[in-house]
Structures are given as C-alpha cells and as structure tokens.
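The values are calculated or read from the model by the stated rules, or taken from the named source; none is laboratory data. A quick note: this is a predicted structure, and the numbers were derived from the prediction, not measured. Note: ideal-geometry Cβ built from the backbone for every residue, glycine included; neighbour counts use all protein chains shown. Keep in mind that these areas ignore ligands, DNA and RNA; they rest on the heavy atoms of the full protein, side chains included. Shrake-Rupley method; radii C 1.70, N 1.55, O 1.52, S 1.80 Å.
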Amino acid sequence: MIKVLKQLEKNYTQWLSSPAPNAAGRIGLFRILYSIFSLWLCSYLHYGEMGLVPAIQWKPILLLSWLDSPPYQLIPIFESLLVSSLILLLVGYQTRLATLFVFVLGSGLTAIRFSLFMGDALFMVQYFYIPLFMLFSHWGDTYSIDSILAKRQGKMTPQPQNSSWRYFWSSRGLLVVYTLLMFSSAFFKIIKKEWIFNPNFVGYLIIDKTFNSYLNNGFPVNPISIFIAHHRSLYIPMQYFALIFETSAILILFIPIVRFLFFRLIPIFHFSNTFLMGIPFATVIGIYLAFPDWQSIYERFYPKFFRFNWLNKLSSPILIISSISIAAIVGMTWNILPVFRYIFSWFGLVKFHTIWLIIFPFALIWAIRSISDKTQILIFKKQ
C-alpha cells in the first residue's frame, strides 16, 4: 500500500512540473477563449436585472455578510466594468490588471447573484478560481497587445511553441481544483446516503429536474427522460455510474490513462445531464477551456490570412488607444444598446440550455477518434 501511495505521489509531482507541448501558446489562446466565453455568459445573464429581486430575498453568503442589501443602483455599473475588463483581457492589454478586475467584479456579482437565490455555485469556478490562478500566470505573454508592446521595447517574449511548465502550471492548478470539486460532489452524495441506499433516487431525480427545468427555464420535457425514469434497469446503472465517475475524478492527478479517458467522457456526461434533465452546467465549460492544446489546433485549422500577425503593422499608440476605446464603448453601451450584447451572445444562436447539444457531436467524434488511436498505439506496443 505504501509503495502504491509513493508511486502516486511521484506521478503527481512529475506531472505537475513536467513540460506541456505549446504551453505558452495554449495559455494565451485560453485567455482569448475564456474572455469570449465570459462575454457570452454576461450577455445571457443580464446582471442588472438582479435589481428587480425584492430585498426580502437577500440572504448574503459569508463573503457579503457585511452588506444589508445588494447595491442595486451599482450593479449595472459593475456589469459594464466587468464587460470592459473582459474586452481588455480578450485583446491582451494590461492583462494582469484586467484579470484582477475580472476576478473582483466577476466574483462579486456572482456572490450577489448567489445571495439572491439565483445562484449556481459553478459560477465561482468561472469568475473566482480561473482569474485567481491566471492573475499569477503568463497568459498575457502570447497573442496579446502586451506581448507586441513588450517586443517593441526590446523585452524577451516566448514563442507560442515554448513548452516550459511555468507557462502551464496555472492550468494544472485549475485541474487540481476541478478534481477536488468533482470528488467533493461525489463525497456529499455518499454522505446523503440516498445515492447509495435508495435505488429509486435517480429515477425520482430525473422527473423532478426535468419538470423543474421546464417550469423555470422553458426547457422542453424530454419523453426519453420520462421513459428512463420509469424503468429501474435503466436508471439504476446511471445512478451508480455517476457516483463512480465523480469519485474517480481524483485519479486524474495521478494516473495518465484516467486523465486521458476522463476528458473524453466528460462532455458526454454533461450532454446527458442536459438532454435528460435540462441541467446544462454550462458555466463549467470555462475551466475545460484551460486544458486542450489550442496551439496545435490553431496551427492546423486557422487560416493564415486570419492570424494575429496583422496587429504588428499597427503603431503602439493605435493599439493602446484602440484597446481602451473598444473596451469603453462596449462597456458603456452594454446595458443601453443591444448591439454588443447580441454580438457576444453569438447572435442568439447558442442558448444556456443548448450549448452542450452543440458541443456534443464534436466531442463524440473527438472521443471516438482519440480513443481508437490510443488503442491502436497500445496494441502496436504490445506487438
């Protein structure tokens, strides 16, 4: 047993400090994707509408226990500042300062939302853990206005292909947080005992969540869900698979093959929750964006004439003034004109309860292909 624990510790230490392919480019592209995804979330949520919630609903979490009631008049201003900060983060100007503002404003608005019973604890992953880790990262060193300005000042900037662990430690830190959250979810399910000792629990849960989603969100009741909820042979395996799946998340940190399989199955897991119960967990997508090798995808599929090299042709004053101006215009008009909110909502084509339905087919193809390739490699090695 001691040997097994020592080996797991060794695997974890080696993984945490090992190089990651294209680490510098991956973290820079993650910054861009995180910003776009966060702007989509803001376009969907309408934080300013929290001012319509009666003050009697105010049940502050510990972080806001000093507040008698939320600052309703300031919420639209905070939302506009958050949007402006996300625009600066997107273009990569004053990246560290922009990350700090996203951390403070995003987690603050999320805490207010949660205190008004409008909460989803996973929003803290998006606006607390991610900007907290990235505040000390190097995600502004590539694909950013900051990196262009630094080059012009004669400072050293990394190539996107740089694989040093120091460009990727923050993403691995997020993975540690994520696995602990997943494991704690399974732990609390086990403590409640219904998940273990009540074989009908998930059957009732599917019906309850399905109809609640329909009443609260307008998400259609899925007849397949009702069918499953009435057949124990279908929902009992789902019940125990969910427990095993969430509990095994902790093994991601120690066993490479578990890490490989987990991230290919997790989109299917979330799709099932959305499809069967109307529970999208869309906010968790932000943390998943930290892990893929976006640099290799960018090099393979992104057209050369659309790449970021054209920014080098603009003068430094134009880059700075343009960044600040765009951030200010988008932020100030966010709650006044619907234009930018509509643009960053992806023209209304992607909704909170449909995003996993869009991701699923791509994730399924990727999972089948990568697992097939991995299997062939293992078979070849054995031969």
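Structure above, values below:
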{"item": "Residue 329 over 22 Å from the mean Cα position of the chain (by Cα) and either at pLDDT 90 or above or among the small types (Gly, Ala, Ser) (or both)", "result": "yes"}
{"item": "Candidate set from region 288-310 (those that are open to solvent by less than 60 Å² (accessible area, probe 1.4 Å) and either not hydrophobic (A, V, I, L, M, F, W, C) or not assigned by the TED database to the domain that holds residue 173 (or both)); member that is modelled with the lowest pLDDT", "result": "307"}
{"item": "Residue selected from region 11-44 under the condition hydrophobic (A, V, I, L, M, F, W, C) and over 15 Å from the mean Cα position of the chain (by Cα), by the criterion surrounded by the fewest Cβ atoms within 10 Å (Cβ to Cβ)", "result": "16"}
{"item": "Subset of region 326-352 (residues that are open to solvent by less than 50 Å² (accessible area, probe 1.4 Å) and polar (S, T, N, Q))", "result": "333, 345"}
{"item": "Selected residue (only one of 146, 120 is over 15 Å from residue 34 (Cβ atoms) and modelled with pLDDT of 95 or more)", "result": "146"}
{"item": "Cross-chain or 6+ apart pairs with Cβ under 9 Å, region 197-226 first and in contact (Cβ under 8 Å) with a residue 60 or more places away in the chain, then open to solvent by less than 50 Å² (accessible area, probe 1.4 Å) and of a type in the set (Phe, Trp, Tyr)", "result": "205/235; 206/235; 210/219; 213/219; 217/352"}
{"item": "Sole exception among (1) within 30 Å of residue 260 (Cβ to Cβ); (2) crowded, with 20+ Cβ neighbours inside 10 Å; (3) at pLDDT 90 or above for residue 282, by number", "result": "(3)"}
{"item": "Matching residues in region 218-240 - criterion: being in a helix (DSSP H, G or I), open to solvent by less than 90 Å² (accessible area, probe 1.4 Å) and not hydroxyl-bearing (Ser, Thr, Tyr)", "result": "224, 226, 228, 229, 234, 236, 237, 238, 239"}
{"item": "Residue tally, condition touching a residue at least 60 places away in the same chain (Cβ under 8 Å) and in contact with a Leu (Cβ under 7 Å, 6 or more places away or on another chain), over region 19-57", "result": "14"}
{"item": "Test for residue 133: is it in contact with a Phe, Trp or Tyr (Cβ under 8 Å, 6 or more places away or on another chain), outside any loop (DSSP other than H, G, I, E, B) and buried (at least 19 other Cβ atoms within 10 Å of the Cβ)", "result": "no"}
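To keep it simple, each residue is scored yes or no on (1) touching a Ser or Thr at 6+ places or on another chain (Cβ under 9 Å); (2) modelled with pLDDT of 90 or more; (3) closer than 26 Å to residue 225 by Cβ.
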site: 140; (1), (2), (3): yes, yes, no
site: 151; (1), (2), (3): yes, yes, no
site: 161; (1), (2), (3): no, yes, no
site: 197; (1), (2), (3): no, no, yes
